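Report on one structure; see the data block that follows.
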Protein chains: 2
Amino acid sequence: MSGDTTAPARRRTYHHGDLRRALVDAAKTIVADEGAEAFTLREAARRVGVNHRAVYRHFADKDALLAALAEEGFQTLVAEARAAIARERGGDARLLAMGRAYVAFAAQHPAFFRVMFGPRLNEDGRFPSLEVPIGEAFTLLETEIAAARAERGAAVADPEQRRDDAIALWAAMHGLALLLLMRRVRVKRPLLPAYCDRVLGPTVRGLLSSAK
Amino acid sequence: MSGDTTAPARRRTYHHGDLRRALVDAAKTIVADEGAEAFTLREAARRVGVNHRAVYRHFADKDALLAALAEEGFQTLVAEARAAIARERGGDARLLAMGRAYVAFAAQHPAFFRVMFGPRLNEDGRFPSLEVPIGEAFTLLETEIAAARAERGAAVADPEQRRDDAIALWAAMHGLALLLLMRRVRVKRPLLPAYCDRVLGPTVRGLLSSAK
DNA sequence: ACCTGAACACCGTTCAAGT
DNA sequence: ACCTGAACACCGTTCAAGT
């Protein structure tokens, strides 16, 4: 209803003006409300009031729509991790804050998180745009770990060491997130940040103590 | 062909004598050969040469068949972890061996591993038998970590600390396994054990150093 | 007790049109 | 350029039989 007078009957073209956007949003809603399995192309099309075949004008197939979803998810995840880090001073505090943000995202959007990591979405290198936010996240990890180690007066790590360290922390965060989603661990929401610190603490300590 | 003379025409009852077993095996083969998505009830039935409806005589639904699969997977995983541990002396060496075994299992049976952990298989507590091998694995983790810490003269940890420690190591192993399956990390097969040690090293060190 | 057959309500995807 | 409609080959699951 905004701009009703300035651009009156502009929307009459055919349907949405941005069906692509509408489909991604619908897919997000379905996943959030009904779970990852409930998402189908036909249901997404139904929700935006369009023939299911119209989807193919904007996405090559079902996986392409899922990839678009995942891409936005990774962007959000990185943004939240950055924000969490920015609130902290001190290397280890920043690393733990990143872990809390990662796990909190998974806990708040469990089905969405599963879509992002669940299907073998980009194993074959389709959807290269997915790599952008993931690469950013990885660089963020590397940088923060290196900074935390430098803070402790450690020697500068070589690139391979930096990669391995980033993988170590990513693995710990990711594994913890999944164990929580699988309910292998149950933690009440308000206790979650403290729990993350307890569980990720050893890994962070190990990463920084190897700095001797 | 064993026992051909002692029990000649015994198998003529109707079909398999053990259709359940045959279905689980067929499902395993499908998953291993064609991937987790390729598995369908109808395809499994087809492979054992039976009407797809016959499956329902042995499994309540598709998830029940998947659960049977997963259960055997967890049993194998625990057995391999135990065997790997048994070959090592020294607490940290045993923890790292467990990590290598866990990751090696995932690398050798990627699709199987995804079935075991992928669908929200036992979130709701259906299939309680699944909890048996998983519980064993968790106890193994707890025990080995506690032993490694005791070896270093650490005080005995309280139950909550033991649980948190086990989760920390499980998360690290599981996360690493998944990052490898997603090809977020690429490691050539012969280098995998050494890579596991490098990546899980910080977590193991962190767990044991907190023992002060 | 164990298996079959036809049927139902769903999929993703293709082909050939409609505006 | 963008969307529709009918059709195809698949699902999991239910109902009602067959041996």
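The values are calculated or read from the model by the stated rules, or taken from the named source; none is laboratory data. Here the structure is a predicted model, which is why all the values come from computation and not from measurement. Every residue, glycine as well, gets a Cβ built from its backbone with ideal geometry; the counts of neighbours run over all protein chains shown.
Filtering segment B:56-69 to residues that are away from DNA strand C (no atom under 14 Å from the Cβ) and under 23 Å from residue B:108 (Cβ atoms) leaves B:66, B:67, B:68, B:69. Selection within segment B:153-185: residues that are of a type in the set (Val, Ile, Thr) and at the interface with chain A (Cβ under 10 Å from one of its Cβ atoms). The member of this set that is surrounded by the fewest Cβ atoms within 10 Å (Cβ to Cβ) is B:185. Taking the criterion of being away from DNA strand C (no atom under 12 Å from the Cβ) and either in contact with a strand residue (DSSP E or B) (Cβ under 6 Å, 6 or more places away or on another chain) or farther than 12 Å from residue B:66 by Cα (or both), the residues of segment B:31-55 that qualify are B:32, B:33, B:34, B:35, B:38, B:43, B:47.
Evaluate segment B:186-205: report whether one residue or more is in a loop (DSSP other than H, G, I, E, B), within 12 Å of chain A (Cβ to nearest Cβ) and more than 25 Å from residue A:197 (Cβ to Cβ).
Yes, because at least one residue in segment B:186-205 is in a loop (DSSP other than H, G, I, E, B), within 12 Å of chain A (Cβ to nearest Cβ) and more than 25 Å from residue A:197 (Cβ to Cβ).
Taken together, A:117, A:113, A:105 contain a single residue that is in the same structural domain as residue A:151 (by TED's automatic domain parsing) and touching a Ser or Thr at 6+ places or on another chain (Cβ under 9 Å), which is A:105. Of the helices (runs of 4 or more DSSP H) entirely within segment B:39-117, those holding at least 3 residues that are touching a residue at least 24 places away in the same chain (Cβ under 8 Å) and surrounded by 21 or more Cβ atoms within 10 Å (Cβ to Cβ) occupy B:62-86, B:91-108, B:110-117.
Between B:100, B:21, which is over 23 Å from residue A:120 (Cβ atoms), in contact with a Cys (Cβ under 9 Å, 6 or more places away or on another chain) and not small (Gly, Ala, Ser)? Spell out the reasoning first.
Details: B:21 fails: in contact with a Cys (Cβ under 9 Å, 6 or more places away or on another chain).
Among B:100, B:21, only B:100 is over 23 Å from residue A:120 (Cβ atoms), in contact with a Cys (Cβ under 9 Å, 6 or more places away or on another chain) and not small (Gly, Ala, Ser).
For segment B:15-30, which residues satisfy the criterion of being within 14 Å of DNA strand C (Cβ to nearest atom) and not acidic (Asp, Glu)? Once the filter is applied, which keeps residues that are within 14 Å of DNA strand C (Cβ to nearest atom) and not acidic (Asp, Glu), segment B:15-30 yields B:15, B:16, B:17, B:19, B:20, B:21, B:22, B:23, B:24, B:26. Scoring residue B:150 on the criteria (1) buried (at least 17 other Cβ atoms within 10 Å of the Cβ); (2) more than 13 Å from the chain's Cα centre (by Cα); (3) away from chain A (no Cβ under 12 Å); (4) of a type in the set (A, V, I, L, M, F, W, C) leaves a single failure, condition (1).
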